[in-house]
Amino acid sequence: MADIKARIAARAAKEFKDGFVANLGIGLPTLVADYLPEDVHVVIHSENGFTGLGGVAKKGEEDYRVINAGGGWVTHMPFANFFGSEESFSIIRGGHLDATVLGAMQVDEEGNLANWIVPGKMVAGMGGAMDLVVGAKKVIIAMQHTQKGAPKILKKCTLPLTARKCVDMIITEMCVMEYKPEGLTLTELHPEFTVEDVRAATEATFIVADDLKAMEEK
Amino acid sequence: MKNKIVTAAEAVAAIKDGDTIMVSGFLGTGSPEILLDALVEKGVKHLTLIANDGGLRAEFTGTTDKGVAKLITAGMVDHIIASHIGMNPDIGNGALAGTMKYTLYPQGTLAEKIRAAGAGLGGVLTPTGVGTIVAEGKETLTIEGKEYLLELPLHADFALCRADYCDAFGNFAMLKATKNFNHVMAMAADTVILASEQVFEIGEKDPDFYQVAGVYVDYIVKGEKPWQI
């Protein structure tokens, strides 16, 4: 499991260019920061109100004023800047965020995303997720391909949406898929899997890219 | 100059059953703990609470409830208007039991609804939530080919805010990630109460030392403390 998460996070990290401003969701997406090449400096945005998120704060060195969006004690970079929620979300919606990496419960053929609510189950709330996927220039979904074998990449999302047609790219342990003008396209395949394996684990119809590449083995 | 400096008990004395209050903070960071303690001590009921989230319960912090969790634990809140309630299970359980109601808005929408109330705007247009259940019952406008939701202002009877430092006029500043909803909430309530770690005399510091205008602030309470980790 740790290997699968590392593989997905490492592949997502390749989407980042030097100087990107990005927001990473809680969980697997947070790991992406650990796989950035040394020459790629990314400014991490924390939606509770700052740019220049560092890492997890060491025990005993926590600053009671510095948390991340999950409530954990974190550090900040020397170039950090702190602001209120109104400005934090102006950064998100205003087109100042190059990318966001989030998990998903369901994604579909049209790029619709469901990742915030399951009817009948305890509701957590959308927090900043709806703003992030509407506002970020590139929305990358980093997740395991299936939920214990059940497809998560569907023809049509059945859960309430987080946003319509917002996803640009899906990265899983099996493959990379991108939303292109001609439709959802398989662009990279991990050497452990075949195209047929991906089809079996995916409900959505997808095109196989002419120049299908191998996803880096990890 | 009118004296705005009062005790925490005096500051919350006018908050009554059924009022709508907004409280700053993000999972408790940036919340005015001494005002929340005073409000719990006073013991009002049936509040509508506007806050980003439900704060953190003592089990999570390892010490005491943090932020608005204090009000929820004390059973003082009938309705919470927030963006995220998953970190405080009392809200979900209260909704199941029928003792508490919640209304959710996307976090950026919540901030802008509050800002709109404080800025005298009739609402804001946001692309966030279009095509989702958040859009239900709301007007949608198409501007230059893009769809937006009309989100209306959110106003409160009282706002409870936290500063690192202020002056006796109420000009104030917040450091690092304690800012969150403090500025917009200080603009959007009939009565604004500010708890501050430090209170300087008027004129003691240069005006540029402060971030938010004291004209919003009605009461100042000294003695807010750093959160003990």
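The numbers here are math on the coordinates, done by the rules we state, and not lab data. Here the structure is a predicted model, which is why all the values come from computation and not from measurement. Quick reminder, even Gly has a Cβ in these numbers, built from the backbone with ideal geometry, and neighbours come from all protein chains shown.
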Practice task
Can you pull the one-decimal nm distance between simple spin-label points at B:Leu141 and B:Lys205, each 7 Å off the Cα toward Cβ?
Solution key: 3.9 nm
Fill in the blank from the handout: Put in order of increasing Cβ neighbours within 10 Å, starting from the fewest, B:Trp227, A:Trp116 give B:Trp227, A:Trp116
Practice task
Pop a pseudo-label 7 angstrom from the Cα along the beta-carbon direction at both B:Thr7 and A:Val118 and give the gap in nm to one decimal.
Solution key: 5.0 nm
Practice task
Rank by packing, highest mean first: peptides B:79-85, B:2-8, with packing defined as the count of other Cβ atoms within 10 Å averaged across residues.
Solution key: B:79-85, B:2-8
Exercise for the section: Using only the Cα atoms of chain A, each taken as one equal point scatterer with no solvent, compute I(q) by the Debye sum, divide by I(0), and report log10 of the ratio at q = 0.13, 0.18 Å⁻¹. Expected result: -0.74, -1.35
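Beyond a 20 Å Cα-Cα separation, which of these cross-linked pairs lie in this structure: A:Lys5/A:Lys180; A:Lys137/B:Lys176; A:Lys59/B:Lys179; A:Lys17/A:Lys138?
Too far apart for the 20 Å limit: A:Lys5/A:Lys180; A:Lys137/B:Lys176; A:Lys59/B:Lys179.
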Practice task
Post the alpha-carbon centroid distance, segment A:143-199 to segment B:14-34, in whole angstrom.
Solution key: 43 Å
Completion exercise
1/(1 + (r/R0)^6) with r = Cβ-Cβ of B:His46 and B:Gln198, R0 = 25 Å, i.e. FRET efficiency to nearest 0.05, evaluates to 0.10
Completion exercise
Under the 7 Å Cα-to-Cβ spin-label approximation, B:Leu125 and A:Lys5 lie apart by a distance in nanometres of 4.3 nm
Practice task
Check cross-link reach from B:Lys4 to the lysines: straight Cα distance under 16 Å, and skip same-chain residues fewer than eight apart.
Solution key: B:Lys222
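Report, as an integer, the average count of C-beta atoms from other chains found within 10 Å of each Cβ along A:37-46. Mind showing how you got there, number by number?
Details: counts 0, 0, 0, 0, 0, 0, 0, 0, 0, 2.
Rounded to a whole number, the mean comes out at 0.
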Practice task
Please give the peptides B:103-110, A:119-126, B:173-180 ranked by average Cβ packing (other Cβ atoms within 10 Å per residue), highest first, as a rough proxy for protection.
Solution key: B:103-110, B:173-180, A:119-126
Exercise for the section: Considering Cα pairs under 8 angstrom that are at least six residues apart, work out the relative contact order of chain A and quote it in whole percent. Expected result: 18 percent
Completion exercise
Listed with the fewest Cβ neighbours within 10 Å leading, A:Arg93, A:Arg199 appear as A:Arg199, A:Arg93
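Is segment B:15-112 best put as rounded, prolate or oblate by its Cα gyration tensor, with a ≥ b ≥ c the root eigenvalues, rounded for a/c under 1.5, and otherwise prolate when a/b is larger than b/c, oblate when not? Please list the in-between numbers first.
Values: a/c = 1.17, a/b = 1.07, b/c = 1.09.
Rounded.
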Completion exercise
Using alpha-carbon positions, the gyration tensor of the protein assembly as shown gives root eigenvalues a ≥ b ≥ c; with a/c under 1.5 called rounded, otherwise prolate if a/b exceeds b/c, else oblate, the class is prolate
Practice task
Please give the average number of partner chain Cβ atoms lying within 10 Å of the Cβ of each residue in A:127-140, rounded to a whole number.
Solution key: 5
Exercise for the section: Distance between Cα centroids, segment B:170-195 to segment A:1-36: provide it in whole Å. Expected result: 35 Å
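Determine the gain in length on full extension of the stretch A:Arg164-A:Asp18; use 0.36 nm per residue of separation and subtract their C-alpha separation, reporting nm with one decimal. Spell out each step's value before the answer.
Details: separation 146, 0.36 × 146 = 52.56 nm, distance 2.89 nm.
Net length gain for the segment: 49.7 nm.
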Completion exercise
Note, segment B:183-198: 3J(HN,Hα) by Karplus (6.51, -1.76, 1.60, θ = phi - 60°), whole Hz, Gly/Pro = x, goes 5, 5, 5, 5, 8, 10, 10, 4, 10, 10, 10, 10, 9, 10, 5, 10
Handout entry: Per-residue mean of C-beta atoms belonging to partner chains within 10 Å, peptide B:84-90
Key = 4
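Using alpha-carbon pairs under 8 Å, 6+ residues apart, how would you state the relative contact order of chain B in percent?
Details: 544 pairs, mean separation 50.2, N = 229.
Here the relative contact order equals 22 percent.
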Problem - Candidate lysines for bridging to B:Lys45, where Cα separation is under 16 Å - those fewer than 8 sequence places away on the same chain excluded - result: B:Lys16, B:Lys70, B:Lys101
Exercise for the section: Please report how far the C-alpha centroid of segment B:112-148 lies from that of segment A:109-135, rounded to the nearest whole angstrom. Expected result: 18 Å
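Once you sort the root eigenvalues of the Cα gyration tensor of chain B as a ≥ b ≥ c, which label holds: rounded (a/c under 1.5), prolate (a/b larger than b/c) or oblate (the other case)? Don't skip to the end; give the middle numbers.
Working: a/c = 1.87, a/b = 1.24, b/c = 1.51.
The shape class here is oblate.
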